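Here the structure comes first, spelled out in structure tokens, and everything after it is commentary.
The values are calculated or read from the model by the stated rules, or taken from the named source; none is laboratory data. Note that this is a predicted model, so its numbers are computed, not measured. All Cβ positions, even for glycine, are placed from backbone atoms using ideal geometry, and neighbour counts span all protein chains on display. Calculation scope for accessible area: heavy atoms of the full protein, side chains included, ligands and nucleic acids excluded. Shrake-Rupley method; radii C 1.70, N 1.55, O 1.52, S 1.80 Å.
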Amino acid sequence: MFDYETLRVIWWAILAFLVCGFTVMDGFDLGIGMLLPFLGKTDDERRVMLNTVGPTWEGNQTWLVTLGGISFGAWSLVYATVFSGLYTGMLVLLFGLFLRPVGFDYRSKLPDPRWRSSWDWALFLGGLVPSVVLSLAVGNVILGLPFQLDNELRSLYIGSFWDLFNPFSLLCVVVGVSLLCLHGAVFLHWRTEAELAERARRVIVWSGLAFVLSFIAAGFWLAYGQDGYLITSAIDPNASVSPLAKTVTKSAGLWLNNYSIYPALVLAPSIALFGVLLVIFCSIKRYVGTAFVVSSLVVICTLMTAGGSMFPFILPSSIHPASSLTVWDASASRYTLQLLFFATVVFMPIVMAYTTWVYCVMRGKVTVKDIQDNQHILY
Amino acid sequence: MITNEVVELSRLQFALTALYHFLFVPLTLGLSFLLAIMESVYVMSGREIYKDMTRFWGKLFGINFAMGVTTGITMEFQFGTNWAYYSHYVGDIFGLPLAIEGMMAFFLESTFVGVFFFGWDKLTKMQHLTTTWLLALGTSLSALWILIANGWMQHPVGAEFNYDTMRMELISFSELFFNPVAQVKFVHTVAAGYVTGSMFVLGISGYYLLNNKDVAFARRSFRIASGFGLAAVLSVIVLGDESGYTTGEVQRAKLAAIEAEWETEEAPASFTLFGFPDEDTMTTHYAIKVPYVMGLIATRSIDQKVDGIKEIRERKHHRITNGMIAYENLQLLRQDKTNQAAKSAFEAHKDDLGHGLLLKKYTENVVDATPEQIDAAVHDAIPRVAPMFWTFRGMVLCGFTMLFIFAASFYFNAKRTAHKQRWLLRLAFYGIPLPWIASELGWVVAEYGRQPWTIANILPTHLSTSSVEPGQLYLSLAGFFVFYTVLLIIEMYLMLKYVRLGPSSLHTGRYHHEQEGLSHV
């Protein structure tokens, strides 16, 4: 049906869709986790916060799990290289994620205040650690990871866990953490009331401003201070080839190349920046639902800024640029891409339909009274 | 260069985390269906006690489900973190069912699990019942896709090697989906999950009955568990996984090891009930044999042979030498794609490429392997016999013990005297660990028995790992050890607490501890 080239581009888009889907849907869960011990002053308030996402967070996290499965199937070499290269980082991420299912489910099952407050901090880490590690990973991917493919396409990673903490990537952590706190606070502002909602509104203003500043700084840094990558050999986008068959050059400013080829791309960073201001405005005016929609758009545009600047690169290699993994040479076979495409087209709309239904069923503000009335049922 | 230490540590980590994950999966599979059955009875009969049953067993389900989710993410991460070359080499095929599993099953179960817990007052009875069934369906669908992936590791069909991309690529989805090994595994594993759920409910209900607590609640739970459990345990045994062991060479090697069948016997083969297999002399001491049984179980016939280990080893020798030719020509082909002689030689021997790769453990170049190295690779090609022999027998013993428990429970239920059979209630209670022991042993039989391969006859285990340092592995193993131990203690503590409280934990005012005014939670 589709030729290989089209399929590969579609699969880049599906990858982007899943990354955005995860960050929009699970992003506010992570943000709420990070805000939990600070915004919730009493046990009831913390339970209010948890129960705004209680019935739905698990489905939200499934975006990450599906993203893992999809990248395994459609971009095997990318999956293999990222996960094995960032070995220690991935395990830290995993251990952070461990704290969430048990944290949500176990926290309110016993009344002991020490038990509950321990789980609150566990849930805080369960929000913070994944946010930090994932932002750090994005920063390092933009810079290029120090890996190299050998003749049998085994990926060798040369670098340590601590190398990930370079200045540019740490700036990306500020971008990521402030964005997810913003997104979480917007959701809380929408789904809670009274003092808790007021506190969330204050977070929106501060985290929004932090995001704007760090995002602009990262943009300038990327444009002038950091190397981008460019394929310099002829590429046959329809061929079944090894990544090693191409040549790649690396120099400063190359990540801006796509903005001259596809000028519309400039919309992504612009919407991200102006969107945040709009979110702050909507929150002050108390258009809480609109604020959430715009905040989701900001999340998407932030990610698309990174993804769009790098296209067709998915995973550049800093030490051996020819090993870089791109849309044209890191995908699954045409047949597998086709099968997975059909599966995605059939199942993802179904998933989104029932997710919407669940959100409709569970809509409405969560209040302290709800918690007191349903003490033994709610999280 | 991959060292042996990295391979062994990676294997250890995978085995430990998989076995640990599998403490929670079977219960999720089984309990979700039991919840759906209980709620169906509630909707049909309108009797509140069945709603209480759904909600109470649902609480225990939730405690277990959280751990299943927690430990499940590990499995998905680990293919990438620790088995990167595997992920590259077979991701085109193996990743496909995992991707579909996410979209088709994980979303279903994790979206509806929230509605199951928090939707009681927001949905109509029928809507909530549908939710519960979708949750149960999601768990079993997830098992379907993961076992299609696993079935392909045991018996890889519908795929071909591509020397441009240096990996296996899918050529037939229907072969992958209808892989006979995967189908058998699916039925066997899912039914084992249903047995686990039933044994859990049966044993805990037995405990309430023994203590004369919440009798009406416990008797109804006991009844549902015994019916569902009997059907499930019969499926596990009758549709046993063994019937899939004649399909594919690695499956046959596994079978020979399970049976300690050193020489090929005349059909129909006898079953070694008991004995002490001795690897060095290739004999089984004090063997007690039951004629015919083995041939019947494994081949479902009386005229097909079951291959012995010596015969399998001879074939392996032949395939390894062919594999060396395939490997040699692959190298030539990769240097010069127009080399027609190399291409035809490679095409002729490429099915044995994986056997050539077995030699990589001994020599990087494969083609210069000495006869001793080839012999060593041949020796590796069969899993060690004693562990296979014993784990399999342990699993079967657990299975038949549970068959007895369920059959007796079902019988006395029919006579309406089950709650008075204290020996049976006690047996059911102390039998709770049995399905877990059986499942864990079953995992060992299936996956240890696949050695030395990750993908049967295609990719050896020692080539599959990531290029990581042993230090990283020690660190991650320590991390898993600490997290998993602490989480298990917390989970067991909470589970026991809620089991002791029983349905009083629902705070409906109708149950034992509440009437005595003892409820504190």
Q.
Quick check on B:E160: is it assigned to a strand (DSSP E or B) and within 10 Å of chain A (Cβ to nearest Cβ)?
A. yes
Q. Counting only residues that are open to solvent by less than 10 Å² (accessible area, probe 1.4 Å) and more than 17 Å from A:F17 (Cβ to Cβ), which one in segment A:314-328 is farthest from the other protein chains (Cβ to nearest Cβ)?
A. A:P316
Q. How many residues does segment B:93-116 contain that are more than 7 Å from every other protein chain (Cβ to nearest Cβ) and not aliphatic (A, V, I, L, M)?
A. 5
Q: Looking for whichever is open to solvent by 10 Å² or more (accessible area, probe 1.4 Å), within 14 Å of chain B (Cβ to nearest Cβ), hydrophobic (A, V, I, L, M, F, W, C) and within 15 Å of the chain's Cα centre (by Cα) here; the options are A:V133, A:V173. Which one fits?
A: A:V133
Q) How many residues does segment A:148-170 contain that are open to solvent by 20 Å² or more (accessible area, probe 1.4 Å), within 24 Å of the chain's Cα centre (by Cα) and of a type in the set (A, V, I, L, M, F, W, C)? A) 4
Q. Applying the selection to segment A:357-377, what residues are charged (D, E, K, R) and either surrounded by 14 or more Cβ atoms within 10 Å (Cβ to Cβ) or within 31 Å of the chain's Cα centre (by Cα) (or both)?
A. A:R363, A:K365, A:D370
Q: Keeping to segment B:464-476, report how many residues are in a helix (DSSP H, G or I) and either surrounded by fewer than 21 Cβ atoms within 10 Å (Cβ to Cβ) or more than 10 Å from every other protein chain (Cβ to nearest Cβ) (or both).
A: 5
Q.
Considering only residues that are on the phi < 0 side of the Ramachandran plot and either open to solvent by 50 Å² or more (accessible area, probe 1.4 Å) or touching a strand residue (DSSP E or B) at 6+ places or on another chain (Cβ under 7 Å) (or both), which ones fall in segment A:176-204?
A. A:W190, A:E193, A:E195, A:E198, A:R201, A:R202
Q: Restrict the check to segment A:246-261 and report whether at least one residue is touching a helix residue (DSSP H, G or I) at 6+ places or on another chain (Cβ under 7 Å), surrounded by fewer than 18 Cβ atoms within 10 Å (Cβ to Cβ) and among the hydrophobic types (A, V, I, L, M, F, W, C).
A: yes
Q) If you take the residues in segment B:345-367 that are over 17 Å from B:N162 (Cβ atoms) and either in contact with a strand residue (DSSP E or B) (Cβ under 6 Å, 6 or more places away or on another chain) or surrounded by fewer than 13 Cβ atoms within 10 Å (Cβ to Cβ) (or both), which one is modelled with the highest pLDDT? A) B:L358
Q) Quick check: anything in segment B:308-321 in a helix (DSSP H, G or I), of a type outside the set (S, T, Y) and within 23 Å of B:V396 (Cβ to Cβ)? A) yes
Q.
For a quick check of your reading of the model, give me the residue pairs whose first member lies in segment B:288-305 and is within 13 Å of B:R252 (Cα to Cα), whose second is exposed (fewer than 15 other Cβ atoms within 10 Å of the Cβ), with beta-carbon atoms closer than 9 Å and at least 6 apart or on different chains.
A. B:G295/B:S301; B:G295/B:I302; B:G295/B:D303; B:G295/B:Q304; B:A298/B:Q304; B:K305/B:E266
Q) For B:L12, which of the numbered conditions (1) surrounded by fewer than 24 Cβ atoms within 10 Å (Cβ to Cβ); (2) within 10 Å of another protein chain (Cβ to nearest Cβ); (3) under 20 Å from the mean Cα position of the chain (by Cα) fails to hold? A) (2)
Q: State whether the residues of segment B:442-455 include one that is open to solvent by less than 60 Å² (accessible area, probe 1.4 Å), within 14 Å of another protein chain (Cβ to nearest Cβ) and aliphatic (A, V, I, L, M).
A: yes
Q: Restricting attention to segment B:89-132, report how many residues are farther than 29 Å from A:L340 by Cβ and among the charged types (D, E, K, R).
A: 3
Q: Could you please tell me which pairs satisfy a Cβ distance under 7 Å, a separation of 6+ or placement on different chains, a first residue in segment B:61-74 that is within 14 Å of B:V113 (Cβ to Cβ), and a second residue that is of a type in the set (F, W, Y)?
A: B:G62/B:F117; B:I63/B:Y498; B:N64/B:F24; B:A66/A:Y106; B:M67/B:F24; B:G68/B:F24; B:T70/A:F98
(Q) Anything in segment B:199-227 that is surrounded by fewer than 19 Cβ atoms within 10 Å (Cβ to Cβ) and assigned to a loop (DSSP other than H, G, I, E, B)? List them, or say none. (A) B:N211, B:N212, B:K213
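Okay, residues lined up against (1) acidic (D, E); (2) out of contact with any strand residue (DSSP E or B) (no Cβ under 8 Å at 6 or more places or on another chain):
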site	(1), (2)
B:F116	no, yes
B:L123	no, yes
B:A143	no, yes
B:G158	no, no
B:T165	no, yes
B:E175	yes, yes
(Q) Give me the residue from segment A:103-130 that is in contact with a Phe, Trp or Tyr (Cβ under 8 Å, 6 or more places away or on another chain) and within 8 Å of chain B (Cβ to nearest Cβ) and, out of that set, farthest from A:V177 (Cα to Cα). (A) A:K109
(Q) From the list B:G509, B:G502, exactly one residue is modelled with pLDDT under 95 and open to solvent by less than 20 Å² (accessible area, probe 1.4 Å). Which is it? (A) B:G502
Q. For A:A291, all conditions in the list (1) closer than 17 Å to A:A13 by Cβ; (2) in contact with a helix residue (DSSP H, G or I) (Cβ under 6 Å, 6 or more places away or on another chain) hold save one; what is the number of the exception?
A. (1)
Q: Return only the number of the condition from (1) touching a residue at least 24 places away in the same chain (Cβ under 8 Å); (2) buried (at least 24 other Cβ atoms within 10 Å of the Cβ) that A:G40 does not satisfy.
A: (2)
